[in-house]
Amino acid sequence: MIERYSILIRGGLVVSGSGFRKADVAIKGEKIVRVEPKLKMEEAGRVIDASGKYVMPGVIDGHVHPVYEDDLGGASLTAAHGGVTTLIHFAYAKPGMKLIDTIKQYQEEGFKKSYLDFGIHGTLFDPANQIEEIPSAFELGITSFKMFMAYAKLKWMTDDYHLAKAMDLIAECGGMAMVHAENGLVTDYFEDRSLKKGEDQKAVFLKTRPDYLEAEAIFRAISIAAVTHCPLYIVHLSTARGVLPLQQAKAEGQTVYAETCPQYLTMTDAKLQKLGPLAKIGPPLRMEKDRLALWEAIKKGIIDTVASDHAPKAKKIDDSFFEAPYGSPQSETMLTVTYDEGVSKRGIKPSRLVQLFSENPAKIFGLYPKKGVLQKGADADLLLFDPKQIYTIQHQNQHSGAPYTLYEGRKCKGKPVLVMQRGKILVEDGEIRGKPGEGKFLATKITKVKL
């Protein structure tokens, strides 16, 4: 009896972390059932012609803040248009809030609103009162926990005592710590000193948050993680100096992962000076030498993932720079701009992008091989990417609730043209086909993996 496929994707180049191959992808229900050359069209309910296109695993965006202009529904909608099929959200347990209650609220909102499958990171803004809840979070499928080494004035900063206490407990439970690595107290001192001098805060934004303070915090986090035997994930690496302690820790065999973001790979402080509050993000956009160093770290395998840090805020260019919040919309544009900058302009191989965007995050967060790869038995999460299509990014063609994009007018070569999750078409011909609430919650599991 002939096995009938739900969908057959024919004629494309299948991209994995190890390279390309000419193959068709057969899907039955939610799963991939075959990845082989020249499968028969008559055995499929629908045939999709992928000639001239890359067939890639769906993007896993492991750094999303769905608490501003995009909630879990809006964040998943805009991300889907950019080729993302899985999101891992930060559940904001602000001071005075319970971590477990917050996680449950995010899960419920995701069940109702998310177009995409989603996981959750616990986010401790008040670790002194939230650390004891960490073991209970594991029972809900949450195994990664973020803390801030910055933002002391906002009372979000985790001091070294509680960083060690949290890492000790996270390691005992089999999880992973994640840190925003900047020295918060010294940063705040430099900012206060500058304010007393009456300096233009936009002009000195980078000087009040120097690269040394990211590198110092990364080294400190690595050191505490080493003595507590806790796996560590550094979010949004932004500096050349920050690469050095990561390189050393990896060489010594420590379980530490590094993430950067498309904004640090494509922009510098010059963008901040032009767009002011719109480009105010933390850590800040850096210098050209930092941007180039991050690309070198990608080539050398020091950086493991690229994620969006999607934090869409309702900002205007003429807002007060000092009062403006941190953050920018990034999830929808992330694959396109990174491909354009990395592959089209720098000769990075598409297979390396598949590692950074799909395979590595799936492995780090225990979703592999269900997610992050195109092979028999995996979820049919994939995208067709047209490497020749020229696409100009404008706010009017984006789907975030944020009133702007940092990439306004950027002409990119390469764009996702079809996105599929678990065998269903999510985005086709620029239109959303999926529905809110179709996303499933994904429990994460942290294991030491070789990337």
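The values are calculated or read from the model by the stated rules, or taken from the named source; none is laboratory data. Please read these numbers as outputs of a predicted model, since none were measured by experiment. Every residue, glycine among them, receives a Cβ derived from its backbone with ideal geometry; neighbour counts consider all protein chains shown.
Any residue in region 397-409 that is without any contact (Cβ under 8 Å) to a residue 60 or more places away in the chain, touching a strand residue (DSSP E or B) at 6+ places or on another chain (Cβ under 9 Å) and farther than 13 Å from VAL337 by Cβ? The answer is yes; a qualifying residue exists. Considering THR86, THR123, the condition of being free of Cβ contacts under 8 Å to residues at least 60 places away in the same chain, buried (at least 24 other Cβ atoms within 10 Å of the Cβ) and closer than 21 Å to THR444 by Cβ is satisfied by THR123 alone.
Residues that are among the β-branched types (Val, Ile, Thr) and outside any helix (DSSP H, G or I) were ranked within region 115-133; the one that is nearest to the chain's Cα centre (by Cα) is ILE120.
Do you know which of the residues in region 348-377 that are surrounded by fewer than 21 Cβ atoms within 10 Å (Cβ to Cβ) and among the small types (Gly, Ala, Ser) is farthest from the chain's Cα centre (by Cα)? So the residue we want is GLY377. On inspection, TYR407 passes the criterion of being assigned to a loop (DSSP other than H, G, I, E, B) and hydroxyl-bearing (Ser, Thr, Tyr). LEU383 passes every criterion in (1) surrounded by fewer than 17 Cβ atoms within 10 Å (Cβ to Cβ); (2) touching a residue at least 40 places away in the same chain (Cβ under 8 Å) apart from (1). When the residues of region 310-330 are filtered to those that are among the aromatic types (Phe, Trp, Tyr) and either in contact with a Lys or Arg (Cβ under 8 Å, 6 or more places away or on another chain) or not in a loop (DSSP other than H, G, I, E, B) (or both), which remaining residue is nearest to GLY73 (Cα to Cα)? Ranking the qualifying residues of region 310-330, first place goes to TYR326.
Sub-6 Å Cβ pairs linking a first residue in region 1-19 that is more than 18 Å from GLN421 (Cβ to Cβ) to a second residue that is assigned to a loop (DSSP other than H, G, I, E, B) and at pLDDT 95 or above, at least 6 apart or interchain, are GLY11/ALA50; GLY11/SER51, ordered by first then second residue.
Restricting region 42-72 to residues that are small (Gly, Ala, Ser) and assigned to a loop (DSSP other than H, G, I, E, B) leaves a set whose member that is surrounded by the most Cβ atoms within 10 Å (Cβ to Cβ) is GLY58. Here the condition is being in contact with a Leu (Cβ under 7 Å, 6 or more places away or on another chain), crowded, with 22+ Cβ neighbours inside 10 Å and assigned to a helix (DSSP H, G or I); of ILE224, ILE218, it holds for ILE218 alone.
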